[in-house]
Amino acid sequence: MIDYLLVPDYIGDLVVTLKESFSKEPSLLEIKNDKVAIVGDTHGAINISGLAFSKLQEGYCVIMLGDLIDRGPESLRNLVFSMEMKFLTERVFMIRGNHESSLTPPYYGFLDELKENGIDYLYDEFLDMFASIPYGILLNDMILCLHGGIASKGLTLDNIRKLPKGDIVPDDKTAFEILWNDPREFIEGFLPSTRAEGAYFFGNDVFEKFLENNKLSYLIRGHEVKMVGIADNFNGKLITVFSSEYHGGKKGILLIDHGKFVKIIQD
Amino acid sequence: MWICNKCGTENDDSYDYCVVCGVEKNATPSAPPVTQEPPKVQKENVEASTQGPINNSSAQQQAPVTPSPSASSKILKIAIIQSPSPELVGRTLDLDFTIFKTISIGRNPENLLQMPDGSISRRHALIELKDDKYIIRDLQSTNGTYIFESGYFTKIEGERNINIGDVIKLGEGTVIRVIQ
């Protein structure tokens, strides 16, 4: 039986179509919806992506926080499945993760998967598509969704709106930090991260200032392994959703239903 | 070199306390034995929901002169800012110097503070209570011990006083902060 999610021509068409679709979206996508299902880094966990998409039937829209690829064994199928769902419905939204970049796929599995399926000739097309995915989603004017976190040089919502698309690394420092930064208790300001040069840990003081200056109530992000699936920082104003099977912990999906937060945790 | 009377570890002459078990250099074999119970060193607290009582400066700016932790309590409280083990991030540890004057940090289990990080050496660094002050000393580790100052992690050569608010990087993947 043919696995249509791995048919080269189908994937090729979908990549081109989705690249065009993402290119039309602004760097900061603005959504208003009372029922939202948010899924964090899946890294190939196609069953968790499927669980999030099952919420479409219940009237939810779905936000994917990036890092669909690398690490897990089915990252290509997970990505193609999610791209297909985005193509089929206008209620699926994605933001870019640090793995949707030229930096990690050669080392963390995605490029190898393309080679195994004989479609590594599509690698550059994938990178172009990744580079056209928005960096953030502003939900109901009060919740910001980013992959990693806030950036160190005076980040505002307007800065995110102005981030250039098509930057495959990205080289833009603010864009890079949005994809790579992490929150930390017990620090103030920004501290160089051990993840990568140019990435930072950020403390509660600068986070609170960012929320206040931009009239936001919450930041919802992924990026960081949370063995409990969903974890809060900074008095509950920052929520990390992590949905990867590869890392061996619980997998989280966060539902927002008319302002009420509901955590779905899969063992 | 001197050999520890308690655990038999060979120690460099420059160390006054055994890097593995913390027993004093010239202690006789009948010196107070290390408690048979697990040392108090690794008493973990649950993740704090608020920041620790640390200085108010931005971590990217030059660190101001900060008070030394009070040696009278003989407990140095540290927070784990980053670790390759996600479950350790955000936790605090009480390093209890009541029994040991020296607490060894490293990857191997014989260290009093064992850190699960492949970039940390087997015997990586020591924290000592010396002349009523806490100091940290790198044990010629492969990937170094660093202190955050003036916006950068600066390698610690030899020994260095520890102050409240200091951010210390061990190897490439572990960052701790002195919070009390």
Quiz item: When you go through A:132, A:244 one by one, which is the residue that is away from every other protein chain (no Cβ under 14 Å), part of a loop (DSSP other than H, G, I, E, B) and hydroxyl-bearing (Ser, Thr, Tyr)?
Solution: A:132
Exercise. Could you please give the count of residues in the range A:180-209 that are β-branched (Val, Ile, Thr) and in contact with a His (Cβ under 8 Å, 6 or more places away or on another chain)?
Key: 0
Quiz item: Restricting attention to the range B:121-155, and to residues there that are under 13 Å from the mean Cα position of the chain (by Cα) and not in a strand (DSSP E or B), which single residue is surrounded by the fewest Cβ atoms within 10 Å (Cβ to Cβ)?
Solution: B:139
Practice problem: Could you figure out which of (1) buried (at least 19 other Cβ atoms within 10 Å of the Cβ); (2) more than 18 Å from residue B:179 (Cβ to Cβ); (3) under 11 Å from the mean Cα position of the chain (by Cα) isn't true of residue B:103? | Solution: (2)
Quiz item: Among A:163, A:127, A:179, which is outside any helix (DSSP H, G or I), under 19 Å from the mean Cα position of the chain (by Cα) and away from chain B (no Cβ under 14 Å)?
Solution: A:163
Quiz item: Of the residues in the range A:208-223, how many are crowded, with 20+ Cβ neighbours inside 10 Å and not in a strand (DSSP E or B)?
Solution: 3
Quiz item: Would you say residue A:153 is within 17 Å of residue A:22 (Cα to Cα) and out of contact with any strand residue (DSSP E or B) (no Cβ under 7 Å at 6 or more places or on another chain)?
Solution: no
Quiz prompt | Residues being farther than 24 Å from residue A:14 by Cβ and part of a loop (DSSP other than H, G, I, E, B) - total across the range A:135-160 | solution = 12
Quiz item: Is there any pair with a first residue in the range B:169-180 that is at positive phi and facing chain A (nearest Cβ under 7 Å) and a second that is among the polar types (S, T, N, Q) and in a strand (DSSP E or B) whose Cβ atoms are under 8 Å apart and which are 6 or more apart or on different chains, and what are they?
Solution: none
Exercise. Go through the range B:76-113 and give me each residue that's in a strand (DSSP E or B), in contact (Cβ under 8 Å) with a residue 60 or more places away in the chain and away from chain A (no Cβ under 14 Å).
Key: B:76, B:102, B:103, B:104, B:105, B:113
Practice problem: Could you list all residues from the range A:94-111 that are out of contact with any Leu (no Cβ under 6 Å at 6 or more places or on another chain) and either aromatic (Phe, Trp, Tyr) or assigned to a helix (DSSP H, G or I) (or both)? | Solution: A:106, A:107, A:108, A:110, A:111
Quiz item: Does the range A:166-176 hold any residues that are outside any loop (DSSP other than H, G, I, E, B) and without any contact (Cβ under 8 Å) to a residue 40 or more places away in the chain, and which are they?
Solution: A:173, A:174, A:176
Exercise. Identify all residues within the range A:173-226 that are under 14 Å from residue A:237 (Cα atoms) and at pLDDT below 95; write none if there are none.
Key: none
Quiz item: Does the range A:200-224 hold any residues that are closer than 16 Å to residue A:151 by Cβ, among the hydrophobic types (A, V, I, L, M, F, W, C) and either touching a residue at least 24 places away in the same chain (Cβ under 8 Å) or away from chain B (no Cβ under 11 Å) (or both), and which are they?
Solution: A:202, A:206, A:207, A:210, A:211, A:216, A:219
Quiz item: What single numbered condition from (1) over 30 Å from residue A:205 (Cβ atoms); (2) within 16 Å of the chain's Cα centre (by Cα) fails to hold for residue A:150?
Solution: (1)
Quiz item: Tally time: how many residues in the range A:182-198 are within 11 Å of chain B (Cβ to nearest Cβ) and more than 24 Å from residue A:248 (Cβ to Cβ)?
Solution: 7
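The values are calculated or read from the model by the stated rules, or taken from the named source; none is laboratory data. Worth saying up front: this structure is predicted, and the values here are computed from it rather than measured. No Cβ is skipped: glycine too gets one built from the backbone with ideal geometry, and neighbour counts run over all protein chains shown.
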